[in-house]
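The values are calculated or read from the model by the stated rules, or taken from the named source; none is laboratory data. Keep in mind it's a predicted model, so treat the numbers as computed, not measured. Heads up, the Cβs are rebuilt from the backbone with ideal geometry, glycines too, and the neighbour counts pull from every protein chain shown. Ligands, DNA and RNA are excluded from the accessible area calculation, which covers all protein heavy atoms including side chains. Shrake-Rupley method; radii C 1.70, N 1.55, O 1.52, S 1.80 Å.
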Amino acid sequence: MAAIRRFPHCSHWGAYTILVEAGRIVGVEPFEHDPAPSPMIQSIREWAKPDRRVLRPMVRSGWLKKRQASDRGGRGSERFVPVSWDEATTLVADEIRRVSGEFGNASIFAGSYGWTSCGRFHHASSLLKRTLNLAGGYTGHVDTYSIAAGPVILRHTLGNDDACGGQANTLDMIAEHTETLVVFGALSPRTAQSEAGGIGSHRLETHLRRLAQRGVKVVLVSPLRDDLPDWLAAEWWPIRPNTDTDTALMLGLAGEIVKAGRHDRGFLVRCTSGADRLLAYLEGDGDGVRKDAAWAAGICELPADAIAQLARRLVETRSMLTVSWSLQRAQHGEQPFWAALGLASMIGQIGLPGGGVGYGYASLGGVGAPLNLGKSPGMSQLAKPIDSFIPVARIADMLLNPGASYSYEGQTRIYPDIRLVYWAGGNPYHHHQDLNRLARAWTRPETIIVQDPMFTATAQRADIVLPANTSIERNDIAGNKRSDFIFAMHRAIDPVGQARSDFAIFDAIAGKLGVGERFNEGRDEMGWLRHLYAISRDDTARRLGFDMPDFDAFWEQGYARCPVKAEHTYLAEFRDHPEDHALDTESGRIVLGSETLAKLDYADCRAHPAWIEPAEWLGGAGKTGRFHLISHQPVGRLHSQLETAATSRAMKRGGREQARINPADAEALGIADGDCIRLWNDRGACLATAQVSDSVREGVVVLPTGAWFTPSGNSGLEIAGNPNVLTLDVGTSQFGQGCSAQTCLVCIENYAGASADAFEYYEEKLVALTAAQGREHR
Ligand SMILES: Nc1nc2c(c(=O)[nH]1)N[C@H]1C(S)=C(S)[C@@H](COP(=O)(O)OP(=O)(O)OC[C@H]3O[C@@H](n4cnc5c(=O)[nH]c(N)nc54)[C@H](O)[C@@H]3O)O[C@H]1N2
Ligand SMILES: Nc1nc2c(c(=O)[nH]1)N[C@H]1C(S)=C(S)[C@@H](COP(=O)(O)OP(=O)(O)OC[C@H]3O[C@@H](n4cnc5c(=O)[nH]c(N)nc54)[C@H](O)[C@@H]3O)O[C@H]1N2
Ligand SMILES: [Mo]
């Protein structure tokens with residue numbers, strides 16, 4: 001019997017040891033210092049299976065014949081032809097050269113948004129950008145699908161986006177000092193499983209247990225009851241969903257405090273600017289409507305008494321507001337982030353232990369964790385020769401409207417004319433809204449290159465597909481600014497098929513572009529890992545006098561601890577001495593009324609936080625029979641990753657995703673638990689399995705993201721349960737231009753038609769497209 005070998009490794013959902021016997025994964029053990037490991041670590045075995053992997057480089061047959069003149073309508077339906085690595089990398093390099101020479105580098109889109117694997121060396125999009133920066137540059141993206149509207153508004157009102165990037169009050173302070181906690185959105189172990197770049201110890205539940213033990217009053221404002229663990233015994237306020245309704249509740253609470261004369265005038269004068277604009281709005285100047293509990297109650301469908309009571313409690317106790325990232329992933333997503341800052345300023349506890357406001361707690365597992373003072377490892381993308389970008393979620397707008405103008409953060413900009421798209425480590429047919437619109441936009445570029453271990457829906461719709469290996473097939477290093485560990489990621493199994501590491505792929509392409517030496521700097525994989533680790537280690541030693549083990553000891557042990565600062569109170573120094581610790585805003589203080597926005601005079605992002613009616617919500621006219629769709633993060637996987645693995649399949653029923661609806665709605669629609677249902681609107685339709693549950697508010701349907709996009713038959717009905725065939729693809733506002741995924745109404749009905757099993761359908765399609773990847777050779 002072969003001996004079992006142990007390989008320390010890490011993924012976005014945690015660190016673990018992989019047990020391998022005779023080249024086969026026989027076990028996965030959680031990291032010893034993790035108090036609440038994610039079950040998802042068991043699902044990594046799925047990577048070793050060839051079923052949905054890209055097994056060799058492939059080129060779409062029409063593109064191979066006609067290159068940029070091919071019929072782009074063939075994407076996703078035309079057969080792929082296997083080619084050698086040498087041929088594939090030559091085709092890619094030639095195409096980069098052609099587009100750069102004929103149209104300029106801004107015509108190459110390499111924003112390539114996506115989570116890829118947690119390794120910071122083989123980080124696919126960083127390596128893509130590094131390669132292209134050596135070859136004249138590319139059009140990239142700013143902000144993320146996670147957070148866009150939020151950071152944009154906070155940059156102008158708090159001077160930077162620290163408060164939504166994990167540097168507001170640490171959770172340990174909230175657990176010890178807060179007396180009233182109002183949670184807008186969620187504080188859920190579901191999302192806290194993940195952290196970009198890996199996580200060593202999942203500590204959310206430890207902090208929540210402490211809150212429960214202290215008997216802290218917790219109010220959960222969310223359409224979904226299990227956005228907080230039930231043992232916390234929170235008061236559930238099932239708000240009528242839509243970001244703007246949360247904004248209304250925040251403004252109503254603030255207005256109620258002002259009406260009672262309980263707002264902290266001293267704080268407003270010393271620490272904020274433009275408060276008079278917000279105060280006037282709350283008092284009804286201009287529109288004649290006083291923003292108070294009764295007003296908010298009408299919009300949110302919550303009891304006015306409870307709102308008024310909570311307003312009193314917020315000023316009488318140490319109170320903290322948390323706002324999930326999900327709230328700004330909706331039209332007018334800037335508003336709840338700004339309104340929460342306005343409410344916290346009226347309360348006047350910003351800068352006090354356990355008081356104030358913070359964003360994104362539990363949205364990722366590291367938000368609210370002790371701050372990592374060290375330098376996390378990362379691959380340099382090198383200097384950018386050109387400065388061309390779009391706000392990340394405007395991808396379809398860009399492809400459909402080259403040369404059109406749009407605004408972003410107060411600037412007027414022009415969409416570039418994209419000829420070549422290169423995606424490495426992301427899945428737009430997972431992450432983008434209104435996928436049928438994306439499919440139309442997808443026919444515009446002449447060439448699309450996708451580099452991914454998996455034959456995703458995006459890879460299926462590419463011209464050139466390059467098989468990257470998964471992190472367990474190569475060596476890497478993990479770490480990030482919200483983690484207290486750096487992890488060694490050992491290669492545990494041989495590459496599947498002909499897959500190569502992201503570094504090896506880009507190294508070959510860079511070589512063919514004549515920039516190989518500048519790309520690899522003469523280092524191989526282990527040489528780079530030593531180098532990247534040394535940068536972090538030297539920095540903490542020099543700057544902080546903190547000792548990390550040398551590389552060999554780190555590699556052997558599998559992890560190194562980073563220096564961290566616990567018990568952090570956000571803006572404590574600013575609160576005490578606002579003049580000496582001025583913020584980087586127009587006034588040096590917290591901006592509650594903005595001169596910048598007053599000049600811009602936008603209707604969708606005004607000079608103060610405001611209630612603005614969204615395009616789609618349950619309170620709109622003519623919306624009877626519609627349901628508000630919440631497409632939240634899936635519990636058993638990361639986005640579309642490991643979609644076929646055990647923890648992901650466990651959440652499906654009848655071979656598709658489950659859509660949660662309230663029993664009263666189910667009864668009215670004649671839907672029973674477990675029925676196949678169809679969700680649709682003007683933008684598209686998908687199937688799902690009904691899960692009838694009173695954990696969701698009436699009028700709301702919750703369908704997690706991440707099912708692999710599986711349009712079927714002639715109608716294109718999506719059969720796996722991908723909510724992005726339904727969602728709205730508009731910017732949050734002219735200012736932030738974030739994604740608006742959560743602003744979405746749908747119709748629901750029992751589905752009587754026959755439908756194929758989504759998994760089988762996908763796999764049959766894949767075999768048809770790839771002729772099982774190589775039995776057939778050109
Ligand atoms: N409706 C709706 N849509 C949403 C959201 C929502 O709330 N609602 N949330 C949005 C958010 S917050 C996000 S972050 C996005 C996520 O969107 P993505 O980040 O695009 O989603 P992933 O499924 O993580 O895609 C990562 C891809 O990288 C590939 N990959 C993994 N490891 C490697 C590797 O080592 N090398 C290479 N080359 N590739 C690799 C995976 O196979 C996968 O195809 O989705 C967004 N979309
Ligand atoms: N298991 C797992 N964890 C993940 C991810 C994953 O794919 N899988 N993805 C990670 C990523 S990339 C990100 S960015 C984060 C995202 O983190 P979040 O944005 O915090 O997560 P979501 O699940 O999208 O939304 C959280 C909750 O917000 C509530 N909500 C939605 N709309 C509204 C609204 O209008 N008002 C109110 N009050 N509440 C609302 C919903 O009930 C939802 O359950 O999650 C991360 N964590
Ligand atoms: Mo995200």
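So how long is each side of segment 411-462 along the principal axes, counting just the alpha-carbon atoms, biggest first, in Å?
38, 22, 21
So what is the 222 nm mean residue ellipticity for the chain from helices alone, if each DSSP H run of at least 4 adds -39500 (n - 2.57) and you divide by all residues, rounding to the nearest 500 deg cm²/dmol?
-8500 deg cm²/dmol
By a straight-distance test (C-alpha under 17 Å), which lysines pair with Lys623 as possible cross-link partners, with residues fewer than eight away in the same chain excluded?
Cross-link targets: none qualify.
Rounded to the nearest 20 debye, what is the charge dipole size of the chain about its Cα centre when +1 sits on each Lys and Arg Cβ and -1 on each Asp and Glu Cβ?
For the chain, the charge dipole is close to 1300 debye.
Please report, in cubic angstrom per residue, the volume enclosed by the convex hull of the alpha-carbon atoms of segment 328-397.
Per residue, the Cα convex hull of segment 328-397 comes to 188 Å³.
Rounded to the nearest 20 debye, what is the charge dipole size of segment 369-472 about its Cα centre when +1 sits on each Lys and Arg Cβ and -1 on each Asp and Glu Cβ?
Dipole of segment 369-472, to the nearest 20 debye: 60 debye.
For segment 447-579, just list the percent of Cα-Cα distances falling in each 5 Å bin from zero outward, please.
Percent of pairs per bin, in order: 2, 9, 13, 15, 14, 14, 11, 8, 7, 5, 3, 1, 0.
Using only the Cα atoms of segment 4-98, what semi-axes does the equivalent ellipsoid have when each is the square root of 5 times a gyration tensor eigenvalue? Give whole Å, largest first.
Ellipsoid half-lengths, sorted descending, are 40, 15, 14 Å.
Can you put Glu95, Glu667 in order of accessible area, largest first, using a 1.4 Å probe?
If we order Glu95, Glu667 from most to least accessible, we get Glu667, Glu95.
Can you tell me how segment 138-291 classifies by the Cα gyration tensor, rounded, prolate or oblate, using a/c under 1.5 as the rounded cut?
Since a/c reaches 1.5 but b/c is at least a/b, the shape of segment 138-291 is classed as oblate.
Of all the accessible heavy-atom surface of segment 492-562, with the other protein chains kept in place and a 1.4 Å probe, what percent is carbon and sulfur?
After summing per-atom areas, the C and S share lands at 44 percent.
Roughly how many debye, to the nearest 20, is the charge dipole of segment 4-52 about its Cα centre, given +1 on each Lys and Arg Cβ, -1 on each Asp and Glu Cβ, and no other charges?
I would put it at about 220 debye.
Going by a ≥ b ≥ c, the root eigenvalues of the Cα gyration tensor, does segment 627-768 fall in the rounded group (a/c under 1.5), the prolate group (a/b larger than b/c) or the oblate group?
rounded
If DNA, RNA and ligands are ignored and the probe is 1.4 Å, what is the ranking of Glu579, Glu525 by accessible area, most exposed first?
Accessible-area ranking of Glu579, Glu525, largest first: Glu579, Glu525.
Using the charge dipole of segment 569-655 (Lys, Arg: +1 at Cβ; Asp, Glu: -1 at Cβ; taken about the Cα centre), state which of Ile590, Ala615, Ala572 has its Cα farthest towards the positive end.
Ala615
If I model a spin label at Asp71 and Ala603 as a point 7 Å from the Cα along the Cα→Cβ vector, what separation in nanometres do I get?
The modelled label-to-label distance comes out at 4.4 nm.
Compute the separation of the alpha-carbon centres of segment 162-178 and segment 467-511 and state it in Å as a whole number.
33 Å
For the chain, what is the accessible area per residue in Å², given a 1.4 Å probe and the full set of protein chains?
34 Å²
Rounded to the nearest 10 Å², what accessible area does Cys747 show when all protein chains are kept and the probe is 1.4 Å?
Counting only protein heavy atoms, Cys747 exposes about 30 Å² to solvent.
I'd like the distance separating the alpha-carbon centroids of segment 384-410 and segment 641-717, in whole Å.
Here the answer is 33 Å between Cα centres.
Could you give the C-alpha radius of gyration of segment 173-247 expressed as a fraction of 2.2 N^0.38 Å, taking N as the number of residues it contains?
1.15
If ligands, DNA and RNA are left out, what is the accessible area of Glu595 with a 1.4 Å probe, given in Å² to the nearest 10?
Accessible surface of Glu595 is approximately 90 Å².
Taking just the alpha-carbon atoms of segment 381-475, what radius of gyration and Dmax come out, in angstrom?
Radius of gyration, then largest Cα-Cα span, for segment 381-475: 14.9, 45 Å.
Mind putting together the pair-distance distribution for segment 4-52? All Cα pairs, 5 Å bins, whole percent per bin, short to long.
Using 5 Å bins, I get a P(r) of 5, 22, 31, 23, 14, 4, 1 for segment 4-52.
Would you mind giving the average projected area, over all directions, of the Cα convex hull of the chain in nm² with one decimal?
Taking the Cα atoms of the chain, their convex hull projects to 32.2 nm² on average.
Calculate what fraction, in whole %, of the accessible area of segment 627-768 sits on carbon and sulfur atoms when a 1.4 Å probe is rolled over the protein chains.
50 percent
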